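Some notes on the structure that comes next.
The values are calculated or read from the model by the stated rules, or taken from the named source; none is laboratory data. In this text the structure is predicted, and so the values were computed from the model without any measurement. Positions of Cβ are backbone-derived with ideal geometry, glycine not excepted, and every protein chain shown enters the neighbour counts. Calculation scope for accessible area: heavy atoms of the full protein, side chains included, ligands and nucleic acids excluded. Shrake-Rupley method; radii C 1.70, N 1.55, O 1.52, S 1.80 Å.
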Amino acid sequence: MGKPLLQLRDITKRFPGVVANDRVSLELYPGEVLALLGENGAGKSTLVSILYGLYRPDEGEILIEGSPVRIASPVDALRHGIGLVPQHPVLVGRHTVAENLALGSGAALFPSRRILPLIERIAGGYGLQVDPRAYVHQLSPGEKQRVEIVRALLRGAKVLILDEPTSVLTPQEAQALFRVMRELKAAGKSLIFISHKLDEVLSIADRCVVLRRGRVVGDLPIERASKTSLAELMVGRQVSFERRRQTPAPGPVVLRVEGLEARSERGLPTLRGVGFELRAGEVLGIAGIAGNGQSELVEVLAGLRRPQGGRVLLEGKSLPSDPARLFTLGVAHIPEDRIRMGSVPNMSVAENLALRSFEQPPIAHGFLLNPKALATQAQEQVRAYAIATPSVHTPARLLSGGNLQKVILARELATQARLILAVHPTYGLDIGATEQVHEALLHQTRLGAAVVLVSEDLEELLSLSDRIGVMHRGELLGPYAATEVSREQIGLLMTGGAA
Amino acid sequence: MRLEPLPNPSPLRSVGVTLLALGLAFALVGGVFWAYGLGPLEAYRTMLEGTLLDPRGWQEVLRRTIPLLLIGVGLSLAFRTQFYNIGAEGQLLLGAVLAAGVALFLPLPPALSLPAMALAAALGGALWCGLAAWLKNRLSVNEILTTLMLNYVAQSLVIYLINGPWRGKDVRGYIYSDRFAEHQQLPVLLGTNVHWPTLALGVVLALLLQLLLFRSTLGFRLRVVGENPGAARYLGIPQSRAFLVVALITGGTAGLAGFGEIAGIHHRLIEPTQLSSGYGFTAIIVAWLARGHPALVLLTAPLMGLILAGGDVLKVALNMPFRIVDVFSGVMLFALIGSELFLHYRLRLR
């Protein structure tokens, strides 16, 4: 294998109250794909930030080709040949691909024109299909990601860090990414692949390093790893991957959607004749690439958007378009954006738990709030959902994603829901929190709630849903019984191919 | 140098940062004194001696604190709800206009006249600001622009009234209204200009609005709207109603300040620049300093009152232009807004 290209020795990084990286050591060899695995909060992002010069380690050293280096900024990192492909592309939407790539690395005059041959040489060399003249806002997530890869290569990266690159891709796009990764590897580049999707790690990585609570708990070649062994290393205990769900006996119809039509703010159709029926105790999964109408469908069902046509009946009655009324009718909404919608980050955990109930007794006492009742109710919910927070008076912004999601769940499911709208409910959560969210949702179905589950994680959709529909360009394809449709078929439907 | 985000800044940090910003502002203004040919320490000493250490100076500080307090408590609530009312000056004038209207033209039993004037003033300010909220809710017109522009409309209205229909009968060449009757004037602390009922009202309002914000269901709604409009939409808390409510409150307290000025000091409707001397703008700093806590205005309003009164002292004792207080307010606002960054970040030297 030769000499390592990049070495980390005993990297330690402390933040107030936590050791994010605890004597982390690892090596990266030329032409290898190293998977960095770990739950959220295990220290992957901190390690990446250290490598890319965003944080500096408190202790330890970084060696490149055997000699110690100091990486104080992303510019330093790039100079040492370390490039980052961020999880969410950082590109200027109104500019062309070439203009974006010329930014910061182009010539002084006509930068975007003079960079063209270079882009074409690099992109062609690694099988990266990008059109340098296309405008970024017209690109799909997969294409934007390729632009980010080209950018890192343009700057001469020898080490490419890919931060959860498949989280925004369809299975087919992910396969295309893996082909590119193999090309890069064959050309002698080293890749650090960050993910918590174990199947992908097993199929693309040569070696994997598992982090748990800031420490390296496993460093093994991929031939010796299996899905269960990696999951156990990550979580520290056994995890099961079977479909836990038995399709229930169908209950009465809770939600009936007929011929729903909606337009976006710019007047483009976003929902075209969407219709389905949902029964009590049932989970309807909605798959689709972001931007195909899933968000708009949920917004209509949550009373946040008025449809232009069609109708929605909740237990036979027309749906009011007031979210507060909807909640009292038993519609719980676990929104896509926990921070900008689902919570008020600057208010306390207790206040966030009371966002739906602060106007009812015991929290409200006439016009006044009862701080004691507020705290008591919060403490009960913190216990019931095992929310890790220093106190109920802590601002919600200090909670991790998983704990914030638990706050939202506890709040939304505090009263018996008839219909639960769950949008990417486990996005960014670690395995432990994901299990807890799934369990809470399934528990509600056993109590008779119907669930609309929108997710980009096909694994999640297949393991929880009874039926799965696919949104494509505003149309709902299906729904199909979850037992009769495969991952690959859904992937094809998402991109507009036939099942 | 680089900035590092602080995940959980302690409340003490905001006190420290605010004090540092104030210190910086005082140092910069000290530089202005020096450029003017005065020793900065000398100037500050004169300011202190003429205000806090002087019995008459105390009254001046209090007199200027009253309108700042009344306007400041309303503004701190409005800023917290992200309703940026820049038009307290105009709302103060409208309050004064309505109070004067009641005093001059509405025959009332003497015992009722002051309460009726206060009520009319609050209503005038509230409606003036409510207009901006209505435009914002209906047509999404930015309230910063409308409230600011409405200031000029209010000024012109006052000038029109005292030049035209409301011009006093016995004023000869001057332009102002008739003098209010004895029972239409606010009582003052003996031998001073301090109209204490308005001062008491300001203190009560500061505590009441603090309670409203943190201990009532309405305050909870306002905080949700102010902290996260997206969450308010998701919860079905109408933003427009919150804007209207705070507009009426903040406009109302500014209107009361106008009532205090004419019923407590001038006893007639006079020219807008003499009536207010920019309290509506100075109160923006008062509210900003209080960082969204109406009760803290009880501290910040006297501080600005001290600076305004100190400006008078500088003018008299050291022959400085009175506009030095505008320099003061401007520099303070700069320092405060600039310091916001350091509430959530700290500077690291590499």
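Among the protein heavy atoms of the stretch B:39-90, carbon and sulfur supply 64% of the accessible surface, probe 1.4 Å, non-protein parts ignored. The Cα center of the stretch A:297-361 and the Cα center of the stretch A:429-462 differ in position by 18 Å. Largest GNM mean-square fluctuation among B:ALA301, B:ALA21, B:ALA118, using chain B with Cα springs under 10 Å: B:ALA21.
Comparing the full protein assembly with the isolated chain (1.4 Å probe, heavy atoms, ligands and nucleic acids excluded), the residues of the stretch B:224-247 losing at least 10 square angstrom of accessible area are B:VAL224, B:GLU227, B:ASN228, B:GLY230, B:ALA231, B:ARG233, B:TYR234, B:LEU235, B:GLY236, B:ILE237. Which lysines does A:LYS406 reach when only Cα atoms under 29 Å apart count, and residues fewer than 8 places away in its own chain are ignored? Filter leaves A:LYS13, A:LYS44, A:LYS197, A:LYS227, A:LYS372. Taking chymotrypsin sites (Phe, Trp or Tyr not before Pro) in DSSP loop states with no more than 14 other Cβ atoms inside 10 Å as exposed sites, chain A has its longest site-free stretch at A:1-240. Highest GNM mean-square fluctuation among B:GLU89, B:GLU143, B:GLU340, for chain B modelled with Cα contacts below 10 Å: B:GLU340.
Taken per residue, the accessible surface of the stretch A:250-493 reaches 41 Å², heavy atoms only and a 1.4 Å probe. With the simple spin-label model, which puts each label point 7 Å out from Cα in the Cβ direction, the A:LEU268 to A:ARG79 separation comes to 4.3 nm. Distant-in-sequence amide contacts of A:ALA35, defined by a placed amide H-H separation under 5 Å and a gap of 5 or more residues or a different chain, comprise A:PHE193, A:ASP206, A:ARG207, A:CYS208, A:VAL209. Do any residues of the stretch B:179-218 lose at least 20 Å² of accessible area when the full set of protein chains is present rather than just their chain alone, and if so which, with a 1.4 Å probe? Relative to the lone chain, where solvent access is computed with a 1.4 Å probe, the stretch B:179-218 loses at least 20 Å² at B:ARG215, B:SER216, B:THR217.
For chain A, the longest piece that avoids every one of the GluC sites (Glu not before Pro) found in DSSP loops with at most 13 other C-beta atoms within 10 Å covers A:1-241.
FRET efficiency for the B:ARG172 to B:TRP58 pair, using the beta carbon distance and R₀ = 35 Å, is estimated at 0.50.
Across the stretch A:362-451, the relative contact order, built from alpha-carbon pairs under 8 Å that are at least six residues apart, equals 22 percent. Average accessible surface for the stretch A:146-191: 32 Å² per residue, computed with a 1.4 Å probe over protein heavy atoms with every protein chain in place.
Pairing chain A with chain B buries about 2500 Å² of accessible area. This figure sums both sides and uses a 1.4 Å probe. With θ taken as phi - 60° and the Karplus curve 6.51 cos²θ - 1.76 cosθ + 1.60 applied, the whole-hertz 3J(HN,Hα) list for the stretch B:306-320 is 4, 5, 4, 5, x, x, 4, 4, 4, 4, 6, 7, 10, 6, 8 Hz, x standing for glycine and proline. If you take the Cα centroid of the stretch A:121-148 and the Cα centroid of the stretch A:171-210, the two points sit 18 Å apart.
Normalised by the number of residues in chain B, the mean separation of alpha-carbon contacts (under 8 Å, six or more apart) gives a relative contact order of 36 percent. At a Förster radius of 41 Å, what calculated FRET efficiency corresponds to the Cβ-Cβ distance of A:ALA386 and B:TYR160, to the nearest 0.05? Once the sixth-power term is evaluated, E becomes 0.05.
Shielding value for A:339-352 is 4, the average number of Cβ atoms from other chains within 10 Å of each residue's Cβ. Counting only residues at least eight positions apart within a chain, or on another chain, the lysines with an alpha carbon under 22 Å from that of A:LYS3 are A:LYS158, A:LYS185, A:LYS189. Restricting the stretch A:47-117 to trypsin sites (Lys or Arg not before Pro) that sit in a DSSP loop and have at most 12 other Cβ atoms within 10 Å of their own Cβ leaves A:ARG70, A:ARG94. Taking the 1.4 Å solvent-accessible surface of chain A as the whole, the part contributed by carbon and sulfur is 51%. Taking every protein chain into account, the accessible area of the stretch B:1-132 amounts to 44 square angstrom per residue (probe 1.4 Å).
Residue by residue, the stretch B:164-176 carries 3J(HN,Hα) couplings of x, x, 9, 4, x, 7, 10, 9, 6, x, 6, 10, 6 Hz when phi is fed to the Karplus relation 6.51 cos²θ - 1.76 cosθ + 1.60 (θ = phi - 60°); x denotes Gly or Pro.
Here the label points at B:LEU3 and B:TRP34, each 7 Å from Cα along the C-beta direction, are separated by 2.8 nm in the simple model. From the alpha carbon centroid of the stretch A:53-88 to that of the stretch B:271-350 is 45 Å. Across B:SER177, B:SER216, B:SER276, mean-square fluctuation computed from a Gaussian network of chain B (C-alpha pairs under 10 Å connected) peaks at B:SER216.
Structural descriptor for the stretch A:250-493: relative contact order 28 percent, calculated from alpha carbon pairs under 8 angstrom and at least 6 residues apart.
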